[in-house]
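Down below is the structure, laid out as C-alpha cells.
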There are 2 protein chains.
Amino acid sequence: MIDLNSENFIKALSVDCVILGLEKGELEVLLYKRLSSPFKDQWALPGGFVRYNEGIDDASKRILKDFTGVENFYMEQLQAFGEVDRCIDSPYGRAVTIVYKALVQTKKFKIHLGPDSGETKWFNVTKIPDLIYDHNRLVEETLKSLKKKIKYEPIGFELLPAKFTLSQLQKLYEAIWNVKFDKPNFRRKILHMNILIKLDEKKNGVNHKNPTLYKFDKARYNLLIEKGILFEM
Amino acid sequence: MIDLNSENFIKALSVDCVILGLEKGELEVLLYKRLSSPFKDQWALPGGFVRYNEGIDDASKRILKDFTGVENFYMEQLQAFGEVDRCIDSPYGRAVTIVYKALVQTKKFKIHLGPDSGETKWFNVTKIPDLIYDHNRLVEETLKSLKKKIKYEPIGFELLPAKFTLSQLQKLYEAIWNVKFDKPNFRRKILHMNILIKLDEKKNGVNHKNPTLYKFDKARYNLLIEKGILFEM
DNA sequence: TCAAAAGTGTTGTCCGTACACCCATGA
DNA sequence: TCATGGGTGTACGGACAACACTTTTGA
C-alpha cells in the first residue's frame, strides 16, 4: 500500500474564490490584503486550505461567508490548478488549488474583514494589482470562463438585483463582452426567450421614460431546458 | 503557521481519467479490473495519486500512457470532486480527485495492461458495470460535459481518424446526442463552417458511391475563433 | 438490376440585423 | 422645450428544416 505521508505526494490542497460583482455597470473582483506572512501586505484572492471535515464546495462557501458575511450566492467550481512548480517556494511547498467562481449582488452586503485580512476591497477587473502566487492568472481564467459561460447559461442574472431593467441586462452583457448591442434587437431577443417575467412595476426617479422592471423566471428556464430548448445569447 | 501534516487537512489527492473512444459508431469508456486490494477484482477508472514532482496535467498524461501506451491524445480537466464523505472508508481516508476527460482514436493503439490491472477493456457507455467509489458518477458527469462541450467546440474530431467521411461525423453527433439529423442539412451546415478540408481521396470498398474523405482544418478553426466566429452545431 | 448510401436542389419559414421612429420623464 | 433613454415597427438577408431527387458502387 502506498504511503501518502511520504515526501512523494502532495500535502497542500487549497480553495481560492474569485468573487465577482457589478458596480456601476463594471465588473469587479473582491481582494484582500494579507495581515500576516507569507506575503504580508500583499493582495490576494480569498482562499484557504481544505479541511479534512469539509467538502471542497463547503470550503468555498466558508471562505465566501468569511469575507462577505453572506451565503447563498451563486458559486461554481472552475477547475483545479496544479502545475508542478505552483507555489513551490511557499512555506507550505507545492500546492494544488481549486478555484471557485462566485457571482454576487454587491448591494446585498457590506464587506467583512476576513480572517487574516487587513483590508478587503473591490477592484475593477481591468485594474487588478499584482497578486500573490499565480492569483492574477486565476482571475484571468475565471473571467475567460465567465465570458464563455454567460453565452449559454443565464448566470448573468446572478450579478443583477432581483428586479432589473432590460437596459441593465444589456449593459451587463456589453460590459462582460466589451461589445455594443442594438437596443431594439437585444430586447426582442431576450424577451423572445420567455425566461423573464414582466413586473407591474417601473423604476422611477430617472429623467426619462420610466423603464419596466423584470425578473428572471427560473422555473420557466428549467422547464425549457428539460424540453431541450437552450438558452443562447 | 498552519500545520498541514495535522489530521485537520487532506492527504489524498488523486487523478482519474475517463478515456473515451468510438467503436462502430458507439461511445466507449476504458476501464480496468483491479489486481490488488483495496477493491481487488472490481472495475475502476484508470487513476492514481498525484506525485509531488508532477503537475496534475502530467499525472493524467502518465496514467493515460500507462493504460494505453500512447501519448498526445486530447486531454482536458473536467473538475475536482471532493465531497466530505468521498472515499471516507477507503484505506487512504477521505480523497479528493481531479477528473480528466480523454478523447482517443481507438484504432491508434492496442490496450496495455496498466499497473495493478489484470484486465483492461472498452465498455459501451450505456453498459458500464458497477465501479469502485463514485466512479460511475464521474463517468456520468464526463459524458454530460462532453454532450455540452461538443456543441460549441470541435472536439468530436478527436474521436475520429484523421481522415473521415461526413457520414462518420454525422453518426458521431447522433451517437453522443442520441438524435437523428437530416443528411443534406447536416452536410451543408458543417461544410459551411469552413473548418473541413476536402481531400482528393475517397473511401472505397463500400457497396455504394464512394464517399469523399475530409480532415479537420485546425489552423482555419483557430483563425475563425480569433475573429470571433464561433463554432456551433 | 437492386439496395444502400453519397451527394444536389428547392422551397418556405424563422431569426438576426439595421435603422427609422415615437414616447415619457426630469431638468 | 430639450436631452435622455424607453420602447415599437419594418424590411432585408441568411440560415435552417423538410423533402424530392440524381449518382455511384458492390453484390
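Bear in mind these aren't lab numbers, they're just calculated from the coordinates by the rules spelled out. Since this is a predicted model, take the numbers as computed values, not measurements. Quick reminder, even Gly has a Cβ in these numbers, built from the backbone with ideal geometry, and neighbours come from all protein chains shown.
Taken as Cα centroids, region B:13-45 and region B:97-137 sit 2 Å apart, rounded to the nearest whole angstrom.
Site pair B:Lys147 and A:Glu7 shows an inter-label distance of 4.8 nm when each label is modelled 7 Å from Cα along Cα→Cβ. The label-point distance for A:Lys180 and A:Met233, in a model that sets each label 7 Å from Cα toward Cβ, rounds to 1.8 nm. Helix A:166-177 and the longest principal axis of the Cα set of chain A meet at an angle near 40°.
Based on the Stokes-Einstein relation at 4 °C and a viscosity of 1.567 mPa s, and on the Kirkwood radius from alpha carbon pairs, region A:187-233 is assigned a translational diffusion coefficient of 107 µm²/s. Here the 3J(HN,Hα) profile of region B:208-219, calculated from phi with Karplus coefficients 6.51, -1.76 and 1.60 at θ = phi - 60°, is 7, 3, 6, x, 5, 8, 10, 9, 6, 9, 5, 4 Hz, Gly and Pro shown as x.
With r defined as the distance between the Cβ atoms of B:Leu191 and A:Val84 and R0 fixed at 60 Å, what FRET efficiency is calculated, to the nearest 0.05? Efficiency, rounded to the nearest 0.05: 0.90. Highest mobility in the GNM of chain A, judged by mean-square fluctuation with C-alpha springs under 10 Å and restricted to A:Ile98, A:Ile63, A:Ile88, is found for A:Ile88. So which residue, out of A:Val84, A:Val125, A:Val206, gets the largest mean-square fluctuation from a GNM of chain A using Cα contacts under 10 Å as springs? Sorting by GNM fluctuation, first place goes to A:Val206. Looking at the protein assembly as shown, the DSSP beta bridges with both ends there are about 75 percent antiparallel. Ignoring aspartates and glutamates fewer than eight residues from B:Lys121 along the same chain, the ones with Cα atoms less than 13 angstrom from its Cα are B:Glu23, B:Glu28. Cross-link reach is defined here as a Cα-Cα straight distance under 19 Å, omitting same-chain residues fewer than 8 places apart; for A:Lys127 the lysines meeting it are A:Lys24, A:Lys33, A:Lys101, A:Lys144, A:Lys147. Coupling constants for region A:38-50 follow from the phi torsions by the Karplus curve (6.51 cos²θ - 1.76 cosθ + 1.60, θ = phi - 60°), and in residue order they are x, 6, 3, 6, 9, 7, 8, 6, x, x, x, 7, 7 Hz; glycine and proline get x. Compute the acute angle (0 to 90°) between the alpha-carbon long axis of helix B:183-192 and the principal axis of greatest extent of the alpha-carbon atoms of chain B; round to the nearest 10°. On a 0 to 90 degree scale, this one is about 80.
Per residue, the average separation of C-alpha pairs within less than 8 Å and at least 6 apart gives region B:157-226 a relative contact order of 34 percent. The alpha carbons of region B:40-82 give a radius of gyration and a Dmax of 11.4, 30 Å, in that order. For B:Tyr100, the residues whose amide H sits under 5 Å from its own are B:Asp16, B:Cys17, B:Val18, B:Leu78, ignoring neighbours fewer than 5 places away on the same chain, with H placed 1.01 Å from N. Starting from the label point of B:Asn185 at 7 Å along Cα→Cβ, the same points in the other copies fall at 2.4 nm, in ascending order. For B:Ile155, the point set 7 Å out from Cα toward Cβ sits 1.5 nm from its twins in the other copies, listed from shortest up. Label-point spacing at B:Asp41 relative to the other copies reads 6.5 nm, in ascending order, each point sitting 7 Å out from Cα along Cα→Cβ. Under the combined filter of DSSP loop state and at most 14 neighbouring Cβ atoms within 10 Å, region B:18-83 retains these trypsin sites (Lys or Arg not before Pro): B:Lys24, B:Lys40. Choose one of A:Gly25, A:Val96, A:His112: the residue whose Cα lies farthest towards the positive end of the charge dipole of chain A (beta-carbon charges +1 Lys, Arg; -1 Asp, Glu; about the Cα centre). About the Cα centre, the residue reaching furthest to the positive side is A:Gly25.
Can you tell me the FRET efficiency between A:Lys198 and A:Ile132 if r is taken as the Cβ-Cβ distance and R0 is 60 Å, rounded to the nearest 0.05?
Numbers: r = 46 Å, r/R0 = 0.77.
Rounded to the nearest 0.05, the efficiency is 0.85.
State whether region B:12-149 is rounded, prolate or oblate according to the following rule on the C-alpha gyration tensor (a ≥ b ≥ c being the square roots of its eigenvalues): a/c under 1.5 gives rounded; otherwise a/b larger than b/c gives prolate, and the remaining case gives oblate.
Values: a/c = 1.33, a/b = 1.31, b/c = 1.01.
Rounded.
Between A:Ile111 and B:Asn207, the FRET efficiency estimated from the beta carbon spacing at R0 = 51 angstrom works out to 0.10. When the Gaussian network model of chain A links Cα atoms closer than 10 Å, the mean-square fluctuations of A:Asp182, A:Asp130, A:Asp41 top out at A:Asp182.
Annotation: amide H-H contacts under 5 Å for B:Phe9 (H modelled 1.01 Å from N, sequence separation of 5 or more, or interchain): A:Tyr52. Shape call for region A:157-226 from the C-alpha gyration tensor, a ≥ b ≥ c root eigenvalues: rounded (a/c under 1.5), prolate (a/b greater than b/c) or oblate? Because a/c hits 1.5 or more and a/b fails to exceed b/c, region A:157-226 counts as oblate.
Once C-alpha pairs closer than 8 Å and six or more residues apart are averaged by separation and normalised to the residue number of chain B, the relative contact order reads 20 percent.
Along its three principal directions, the equivalent ellipsoid of chain A from the Cα gyration tensor extends over semi-axes of 37, 20, 16 Å, largest first.
Between A:Lys218 and A:Asp58, what length comes free when the chain is fully extended (0.36 nm per residue of separation minus the Cα-Cα distance, one decimal in nm)? Write out the running numbers ahead of the final one.
Details: separation 160, 0.36 × 160 = 57.60 nm, distance 2.41 nm.
Length difference between fully extended and current span is 55.2 nm.
Over the protein assembly as shown, the pair-distance histogram of Cα-Cα distances with 20 Å bins from zero comes to 21, 50, 27, 2 percent, rounded to whole numbers.
The 3J(HN,Hα) values that the Karplus relation (6.51, -1.76, 1.60; θ = phi - 60°) gives for region B:63-78 are, in residue order, 5, 4, 5, 4, 9, 10, x, 10, 10, 6, 8, 5, 8, 8, 6, 7 Hz. Gly and Pro appear as x.
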